[in-house]
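All remarks here apply to the structure that follows.
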Amino acid sequence: MLKDQTKICVECNTVHTVIGNLSTLLVCRNCGNIIGNETSIDIAKRTLIDGWSTIRIGSKGKYKERTFEIIGRIHLLLRRDYKDFWCVWMEEDSAYAWLMESFGRYAFCQDSLFNIEGSVDLYLAQKVNLTERTDVVIDLIDRCDYLAYEGESKGWQDFNEGFEVAQGTTEKFFAFFICSKQNAEMKFLLGEWVDFEDLKLSQIRDWDKAVEIRNEITIPCPSCKHVNIPRGRSLTLALTCESCGKYFTNRKWSKQVVKFNEVAVPAIPIGAKGKIDGITYEVMSFAVKYVRKYKYRWREYLLFNPNKGQVYLSEYDGHWNFMRPVPFFEKPKAKTEFDYKNNQFRLYQKFHATIVFAKGEFFTDAFSITEGTHCEEHIAPPYLLSAEHDSASYRWFEGEYKSRDEISNAFTSTSLVLPPKKGRGYTQPVIDSFSPQSIIQLCFITFFLVIGIQFFFAETSKEKEVFEQTFHRPEGSADQKMLVTPSFYLEGSSKSLVMQLTAPVNNDWFYGEFTLINESDNSEYDFSKEIEYYSGVEEGEAWSEGAIREEAFLSRIPGGSYHINIYPQFSNYNNQFSIRVIRDVANFSNMWLTLLILSIFPIFYFIRRYHIERKRWSDSDYSPYDN
């Protein structure tokens with residue numbers, strides 16, 4: 001079909017003007033009739049049940065500085081997922097492209113499918129080479145059981161429903177594989193991941209308008225025949241009946257009905273809206289999950305935003321984790337410890353869970369998938385990385401601990417009665433305001449500053465000798481008598497003073513009491529010192545203890561004239577001692593005392609953290625604290 005060509009629907013007479021220059025399919029926007037079909041297969045009229053997308057035909061945007069317009073859509077309903085491929089027309093380049101949308105994830109793709117030559121069997125976690133610079137990892141293998149079209153499109157309507165599909169991803173690229181066993185061929189569509197905000201979309205439906213049209217679909221309960229109106233519209237694959245409470249699926253390939261033996265009341269009501277990390281979500285469903293091996297159960301809420309997709313809130317003993325899907329993550333093989341976003345994660349637990357109660361709507365067969373899913377949880381509190389994989393998909397979720405107050409504040413429009421917090425959550429941070437790295441950095445900075453200041457004072461200290469004299473025992477003195485030094489002068493303002501005492505004792509002692517006296521105001525500074533030194537040989541080994549020199553440190557001694565009164569006590573053998581006075585001496589004991597005081601908090605912090613971490617890991621089979 002050529003650009004600006006006019007097409008009239010034979011069923012409703014609606015006039016259409018072709019927008020692209022090589023479109024191969026045109027569907028009536030009014031009745032859904034196929035107006036033009038230049039593909040290689042017959043395409044029948046299909047009912048396209050609207051989902052919850054805010055994108056629509058006529059929406060406009062920009063990608064890499066190129067403007068585009070949405071002119072059509074191919075809707076693929078998979079068993080575990082859905083894919084909306086919006087056909088993009090770029091007028092400036094006269095070119096087509098595809099914008100893939102799936103649960104809040106978007107990828108901008110080339111306009112047509114590429115063939116994969118040779119026989120290729122895809123399996124989970126397989127690395128597939130597509131171009132010289134592009135390898136993708138398979139994280140989803142599924143089947144398309146329903147295919148519908150809308151508007152105008154071009155390129156790859158070469159498959160009827162019932163074909164196998166797979167998804168491959170990297171941190172940057174998205175690949176969608178289509179396998180037709182009937183034609184024995186495989187093709188793929190390649191694109192780049194893009195954030196919704198980066199598309200700069202306009203003329204889109206806002207959330208409220210998207211909600212208004214949801215009453216067009218109804219789903220009767222297979223047990224009680226009650227008519228349910230799903231909020232998720234075509235996205236809802238399974239739900240619980242509003243009347244009888246039974247869980248059932250809503251697809252032709254799965255007609256499962258489950259009656260739960262347990263009953264639970266969600267703390268956050270189904271349908272409540274809350275804002276988490278600046279994004280508004282609506283609660284779609286609630287489930288209670290149970291691990292038989294550990295007799296452990298928790299509660300999980302599915303939340304949805306049309307532009308951001310599905311996220312989860314999990315709660316256990318009043319502790320909350322907010323979980324988001326990770327677009328791509330490839331964990332190092334056979335490692336229980338690895339880095340992710342500058343955090344060191346460690347394997348906490350492996351388990352299989354079952355759903356013992358559910359309420360609301362689900363976008364997959366949550367009951368069956370949970371039964372067959374192997375789960376791994378890796379933690380780096382307050383963060384969490386969870387892996388879920390089964391025979392058809394490999395999914396990663398990143399989470400973050402949320403306090404009770406954060407959850408309550410997120411749902412301010414709803415009166416919540418949240419469960420009380422018990423103990424410490426396995427992702428709860430030790431101290432919310434600090435991290436071990438910040439404590440260590442602060443200690444290094446503080447210690448370095450204290451040591452630097454001390455060495456600055458040591459370098460600037462004069463250490464000037466102001467007095468030195470040797471004293472002998474007075475002749476004929478058997479008892480203690482007072483000795484008085486000559487006057488000496490201390491310069492400057494208040495500064496430190498060191499008294500060095502030396503006595504030539506050997507297996508002997510000397511003791512003295514000293515009083516430093518300011519001769520201008522008679523202020524006194526008292527101190528005493530004992531000198532002992534003993535040595536000998538015992539069992540062939542020499543030993544010694546004590547010293548012949550001692551020091552007394554006096555801080556903040558004002559300047560002026562001083563003398564010292566000495567009251568010595570001599571032994572029977574020692575008859576002399578010396579005294580040396582040094583002015584302005586740096587005192588390192590203050591530095592050590594300061595460092596000791598500064599060390600109290602980090603020592604207490606890490607001891608407390610050790611005991612908390614040991615208790616945190618006590619429920620894990622992979623505790624680093626086990627011998």
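The values are calculated or read from the model by the stated rules, or taken from the named source; none is laboratory data. None of these values were measured; they are calculated from a predicted model. All Cβ positions, even for glycine, are placed from backbone atoms using ideal geometry, and neighbour counts span all protein chains on display. Note: areas computed on protein heavy atoms with side chains; ligands, DNA, RNA excluded. Shrake-Rupley method; radii C 1.70, N 1.55, O 1.52, S 1.80 Å.
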Carbon and sulfur atoms: what percent of the 1.4 Å accessible area of the chain do they account for? 49
How large is the direction-averaged shadow of the alpha-carbon convex hull of segment 465-514, in nm²? 5.0
Loop-resident chymotrypsin sites (Phe, Trp or Tyr not before Pro) in segment 288-372 with no more than 13 other Cβ atoms inside 10 Å, DSSP not H/G/I/E/B, are 294
How high is the relative contact order of segment 467-553? Use alpha-carbon pairs under 8 Å, at least six apart in sequence, and give a whole percent. 28
Is the shape of segment 24-71 rounded, prolate or oblate, going by the alpha carbon gyration tensor and its root eigenvalues a ≥ b ≥ c, with a/c under 1.5 for rounded and a/b larger than b/c for prolate? oblate
Multiplying the sequence separation of residue 526 and residue 2 by 0.36 nm and subtracting their Cα-Cα distance, what value in nm do you get? 177.8 nm
Which residue, chosen from 107, 72, 9, occupies the Cα position most advanced towards the positive end of the dipole of the chain, where the dipole is computed from +1 (Lys, Arg) and -1 (Asp, Glu) charges on Cβ about the Cα centre? 9
Choose one of 256, 228, 287: the residue whose Cα lies farthest towards the positive end of the charge dipole of segment 225-325 (beta-carbon charges +1 Lys, Arg; -1 Asp, Glu; about the Cα centre). 256
Return a whole-number percent for the relative contact order of segment 6-199, with Cα pairs under 8 Å and 6 or more residues apart as the contact set. 21
Size of the dipole of segment 447-583 about the Cα centre, Lys and Arg at +1 and Asp and Glu at -1 on the beta carbon, nothing else charged, in debye to 20? 620
Over the chain, relative contact order from alpha-carbon pairs under 8 Å, at least 6 apart, %: 9
How would segment 252-377 be classified by its alpha-carbon gyration tensor: rounded, prolate or oblate, with rounded meaning a/c under 1.5 and the a/b versus b/c comparison settling the rest? oblate
For segment 80-169, state which trypsin sites (Lys or Arg not before Pro) are in a DSSP loop and have at most 16 other beta carbons lying within 10 Å of their beta carbon. 133
Cα atoms only: what Rg and Dmax, in Å, come out for segment 329-394? 13.8, 38
Equivalent ellipsoid semi-axes - Cα gyration tensor, segment 462-585, angstrom: 30, 18, 10
Over segment 462-585, with the other protein chains present, what is the accessible area per residue in square angstrom, probe 1.4 angstrom? 58
Under the rule rounded for a/c under 1.5, else prolate if a/b exceeds b/c, else oblate, using alpha carbon gyration tensor axes a ≥ b ≥ c, segment 406-513 is classed as prolate
Across bins of 10 angstrom width beginning at 0, how are the C-alpha pair distances of segment 6-199 distributed, in whole percent? 9, 36, 37, 16, 2, 0
Which residues qualify? For residue 473, with a placed amide H closer than 5 Å and at least 5 residues away or on another chain, they are 576
Mind putting a number on the dipole of the chain about its Cα centre? Charges go on the C-beta only, +1 for Lys and Arg and -1 for Asp and Glu, and I need it in Debye to the nearest 20. 3200
In square nanometres, what is the average projected area of the Cα convex hull of the chain? 47.6
For residue 185, the residues 5 or more places away or on another chain with a placed amide H closer than 5 Å to its own amide H are 180
For every helix of n ≥ 4 consecutive DSSP H residues, a contribution of -39,500 (n - 2.57) applies; sum these over the chain, divide by its total residues, and give [θ] at 222 nm rounded to the nearest 500 deg cm²/dmol. -4000 deg cm²/dmol
Dipole size in debye (nearest 20) for segment 231-305 around its Cα centre, Lys and Arg Cβ +1, Asp and Glu Cβ -1? 380
Select from 573, 303, 24 the residue farthest towards the positive end of the dipole of the chain; place +1 on Cβ of Lys and Arg, -1 on Cβ of Asp and Glu, and compute about the Cα centre. 24
Are there trypsin sites (Lys or Arg not before Pro) in segment 392-466 that DSSP puts in a loop and that have at most 10 other Cβ atoms within 10 Å, and which ones? 422
